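Asks: One structure, as structure tokens, below. Some questions next.
Please treat every number below as a calculation from the coordinates, not as lab data. Because the structure is predicted, anything quoted here is derived from the model rather than measured. No Cβ is skipped: glycine too gets one built from the backbone with ideal geometry, and neighbour counts run over all protein chains shown.
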Amino acid sequence: MRDLVIIGAGPAGLSAGIYGKRAGLDTLIIEETGIGGGQVLTTYDVDNYPGLPGISGMELGTKMHEHAISAGVEFLETSVTGIEDGGSVKRIQTSKETIEAKAVIIATGATHNHLGIPGEEELGGMGVSYCATCDGAFFRGRVTAVIGGGDVALEDAIFLARGCSKVYLIHRRDEFRGARKLADIVKATENIEIIYDTIPDSIEGSEAVERLNVHNVKTSESKTLDVDGVFIAVGTHPITDYLKGVVDMDERGYIKAGEDCRTNIPGIYAAGDVRTKALRQIVTAASDGACAVTSATEYINSL
């Protein structure tokens, strides 16, 4: 039996792994993709992680992964299908085997929301993308659209504008939700055209994206934008479907847990974007990983 099993290898899971090994725990991280770093890998520029201003998301995620490996954390590439609470023994069901542990930290993070409009799924990977830093290079010198108004949408528009001939930034409100610094950069970038009060209706194209149909929510005016790519940045939702009935969650599926990362089930903890919290950032995810291990260690020592 393992002392500690961590599900997810983003900043929260990797931080937990490092702290788990430093606490002398037999620690295993399960990651479905087999790639450590989580969502940070798709962030072009990380300018708010203390001590590392301007580091790329890929570099930061890679460094965190390498740190966990050097600390002696073991990794298993598989998907988790469920968790059974057996009191002092937690059973983690995976697509390969059932793993027993004294404590479990859930750090599966969140995944991208979809718009649910015609053409989105059909043209996925053919011009429709949820990651500008992953796919932006394919659209150099071409016209793209970004949908959203938060930090990620603003960052995506800035990133794409460096290589695209034109970027439409489409937001359903008349002001952005993202950081003012990012909004100021967007407004000052000549090849970004902001379209406020507007939502997408459909994405069209025969073999790849060719057009984006939108309408203004105030005037009901519709128009078609000729674009080669559509980048969707309308938020995320937690990856917690496999936990229904195991731990308490809110109406959106986030696990109810405080700053100590304790859930309603002793021995099960939630860290990072997957838990209820006011701020979901790399720095808070890394902090959660450390806090979760502190709580888990206290629990393990009490058994």
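Asks: In whole Å, how far is the Cα centre of segment 230-257 from that of segment 94-166?
Replies: 17 Å
Asks: A follow-up question, please. Can you give me the three principal axis dimensions of segment 189-281 from its C-alpha atoms, in Å, biggest first?
Replies: Extents along the principal axes, in whole Å: 54, 30, 26.
Asks: Please rank Cys164, Cys131, fewest neighbouring Cβ atoms within 10 Å first, as an exposure proxy.
Replies: Numbers: Cys164 25, Cys131 18.
In order of increasing Cβ crowding within 10 Å: Cys131, Cys164.
Asks: Moving on to the next point. Please say if segment 128-232 is rounded, prolate or oblate, where rounded means a/c under 1.5 for a ≥ b ≥ c the square roots of the C-alpha gyration tensor eigenvalues, and otherwise the choice is prolate for a/b larger than b/c and oblate otherwise? Don't skip to the answer; put the middle values down first.
Replies: Details: a/c = 1.77, a/b = 1.03, b/c = 1.71.
It is oblate, given that a/c is not under 1.5 and a/b is not larger than b/c.
Asks: How large is the translational diffusion coefficient of segment 1-92 in µm² per second when you combine the Kirkwood radius over alpha carbon pairs with Stokes-Einstein at 20 °C and 1.002 mPa s? Numbers along the way, then the final one.
Replies: On the way: Rh = 13.8 Å.
After rounding, the answer is 155 µm²/s.
Asks: I've got another one for you. Among Phe231, Ile194, Leu279, whose Cα lies farthest out toward the positive end of the dipole of segment 148-303, if unit charges sit on the beta carbon of Lys, Arg (+1) and Asp, Glu (-1)?
Replies: Of the candidates, Leu279 comes out farthest on the positive side.
Asks: Let me ask you something else. Around Gly205, under 10 Å between beta carbons, what's the net of Lys plus Arg minus Asp minus Glu among the other residues? Mind dumping the intermediate values first?
Replies: Values: positive: Arg211; negative: Glu122, Glu204, Glu207, Glu210, Asp228.
Here the count lands on -4.
Asks: Something else: Taking springs between alpha-carbon atoms closer than 10 angstrom, which of Ser165, Ser56, Ser206 fluctuates most in the Gaussian network model of the chain?
Replies: Evaluated over the chain, the most mobile residue of the options is Ser206.
Asks: I'd like the isolated cysteines in the chain, meaning no second cysteine's beta-carbon lies under 4.7 angstrom from theirs.
Replies: Cys164, Cys261, Cys291
Asks: Right, something else. What order, most packed first, do the peptides 262-271, 92-101 have when packing is the mean number of other Cβ atoms within 10 Å of each residue? Walk me through the numbers on the way to the answer.
Replies: Values: 262-271: 23.2, 92-101: 15.3.
With the highest mean Cβ count within 10 Å placed first, the list reads 262-271, 92-101.
Asks: Once you have the alpha carbon radius of gyration of segment 46-183, what is it after dividing by 2.2 N^0.38 Å, with N set to its residue count? Before the final figure, lay out the partial values.
Replies: On the way: Rg = 19.9 Å, N = 138, 2.2 N^0.38 = 14.3 Å.
Against the empirical 2.2 N^0.38 Å value, I get 1.39 for segment 46-183.
Asks: Additional query: Report the antiparallel proportion of the DSSP beta bridges in the chain as a percent, rounded to a multiple of 5. Walk me through the numbers on the way to the answer.
Replies: On the way: 27 of 59 bridges.
Here the share of antiparallel DSSP bridges comes out near 45 percent.
Asks: Taking the square root of 5 times each eigenvalue of the Cα gyration tensor, what semi-axes in Å does the equivalent ellipsoid of segment 114-171 have, largest first?
Replies: Numbers: eigenvalues 60, 39, 18 Å².
The answer is 17, 14, 10 Å, longest axis first.
Asks: If you rank Thr189, Thr198, Thr33 by fewest surrounding Cβ atoms within 10 Å, what's the result? Please list the in-between numbers first.
Replies: Values: Thr189 17, Thr198 24, Thr33 12.
Fewest-to-most ranking of Thr189, Thr198, Thr33: Thr33, Thr189, Thr198.
Asks: Please give the charge dipole size of the chain, origin at the Cα centre, charges +1 on K and R Cβ atoms and -1 on D and E Cβ atoms. Round to the nearest 20 debye. Don't jump to the answer; show the numbers that get you there.
Replies: Numbers: 28 positive and 43 negative charges, 132 e Å.
Here the chain has a charge dipole of around 640 debye.
Asks: So, one more: Neighbouring Cβ atoms within 10 Å as the yardstick, rank Phe231, Phe75, Phe176 fewest first. Each step should come with its number before you reach the end.
Replies: On the way: Phe231 28, Phe75 16, Phe176 21.
Listing Phe231, Phe75, Phe176 from fewest to most nearby Cβ atoms yields Phe75, Phe176, Phe231.
Asks: Relative to the Cα centre, what is the charge dipole magnitude of segment 117-232, using +1 at the beta carbon of each Lys and Arg, -1 at the beta carbon of each Asp and Glu, and rounding to the nearest 20 debye?
Replies: Numbers: 13 positive and 20 negative charges, 99 e Å.
Dipole of segment 117-232, to the nearest 20 debye: 480 debye.
Asks: Taking the Cα centre of the chain as the origin and placing charges on Cβ (Lys, Arg +1; Asp, Glu -1), which of Gly36, Thr81, Gly258 is farthest toward the positive end of the dipole?
Replies: With unit charges placed on the Cβ atoms, the residue in question is Gly258.
Asks: Using the Kirkwood radius built from alpha carbon pairs, what does the Stokes-Einstein equation give as D for the chain at 10 °C and 1.306 mPa s, in µm² per second?
Replies: Working: Rh = 20.4 Å.
It diffuses with D of about 78 µm²/s by this estimate.
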